Amino acid sequence: MPHDTHAAWQLAQLNVGKTLYPMGHPGIADFENALDAINALAEASPGFVWRLKDDTGNATGVRSPLGDDVLVNMSVWRDVESLRAYVYKSGHTAYLARRKEWFEMPTEPHMVLWWVPAGHRPTVVEAAARLMYLRDHGPTPQAFTFKRAFAPDGEALALSRP
């Protein structure tokens, strides 16, 4: 049963990655060619609220304070359960399974979750600060992961495995 997150809060997420190839290279073509469909799937998913995008309709041109070679994916969702369903139980999962073909495998946390007031759209700078907080402090109510998630009130969430 989904945890009541109260309508005053929504879940923000940032996922970052360094590509093995520059955009436009044949080695990353499958990833690039899937972006529109995967983004459309996210936008059509229950619980989706907003995603970061540039003039191309995706975020591959958005620069990150984490480095010019770091791609960012940032979105806002109704709750943790909605985002988890999209990530692990939709057509997105097949592309997630292929990430080693396109991205360097991270040696530190590359995804962070945090609560924002309903209607707030986080900036890349704000999101990068949450990721750095997670890297420095581990999961807390201010910056957490699917493995160790928190409700807006700071209470730990007991999530089943995806």
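The values are calculated or read from the model by the stated rules, or taken from the named source; none is laboratory data. Quick caveat: nothing in here was measured; it's all calculated off a predicted structure. When we count neighbours, we look across all protein chains shown, and the Cβ atoms used for this are built from the backbone with ideal geometry, even at glycine.
Looking at Gly61, is it without any contact (Cβ under 8 Å) to a residue 40 or more places away in the chain and under 22 Å from Phe150 (Cβ atoms)? Against the criterion (without any contact (Cβ under 8 Å) to a residue 40 or more places away in the chain and under 22 Å from Phe150 (Cβ atoms)), Gly61 does not qualify.
Residues in the stretch 21-47 that are among the polar types (S, T, N, Q) and in a loop (DSSP other than H, G, I, E, B): Ser45 only. Residues in the stretch 127-142 that are of a type outside the set (Lys, Arg) and over 15 Å from Asn73 (Cβ atoms): Ala129, Met132, Tyr133, Leu134, Asp136, His137, Gly138, Pro139, Thr140, Pro141, Gln142.
Take the stretch 36-47 and flag every residue that is surrounded by fewer than 16 Cβ atoms within 10 Å (Cβ to Cβ) and within 17 Å of Tyr88 (Cα to Cα). Correct list: Ala37, Ala40, Glu43, Ala44, Pro46.
Scanning the stretch 85-102 for residues that are of a type in the set (A, V, I, L, M) and touching a residue at least 12 places away in the same chain (Cβ under 8 Å) yields Ala85, Val87. Just one of (1) closer than 23 Å to Thr123 by Cβ; (2) out of contact with any Gly (no Cβ under 8 Å at 6 or more places or on another chain); (3) in contact (Cβ under 8 Å) with a residue 60 or more places away in the chain; (4) not aromatic (Phe, Trp, Tyr) fails for Ser82. It is (2).
With respect to the conditions (1) hydrophobic (A, V, I, L, M, F, W, C); (2) farther than 23 Å from Leu134 by Cβ; (3) modelled with pLDDT under 95, Ala40 lacks only one, and its number is (3).
Can you tell me which of (1) hydrophobic (A, V, I, L, M, F, W, C); (2) touching a strand residue (DSSP E or B) at 6+ places or on another chain (Cβ under 8 Å); (3) within 18 Å of Pro109 (Cβ to Cβ) is the one Ala129 doesn't meet? Going through (1) hydrophobic (A, V, I, L, M, F, W, C); (2) touching a strand residue (DSSP E or B) at 6+ places or on another chain (Cβ under 8 Å); (3) within 18 Å of Pro109 (Cβ to Cβ) one by one, Ala129 breaks only (2).
Residue count for the stretch 99-118 under the criterion of being over 17 Å from Asn73 (Cβ atoms) and touching a strand residue (DSSP E or B) at 6+ places or on another chain (Cβ under 8 Å): the result is 3.
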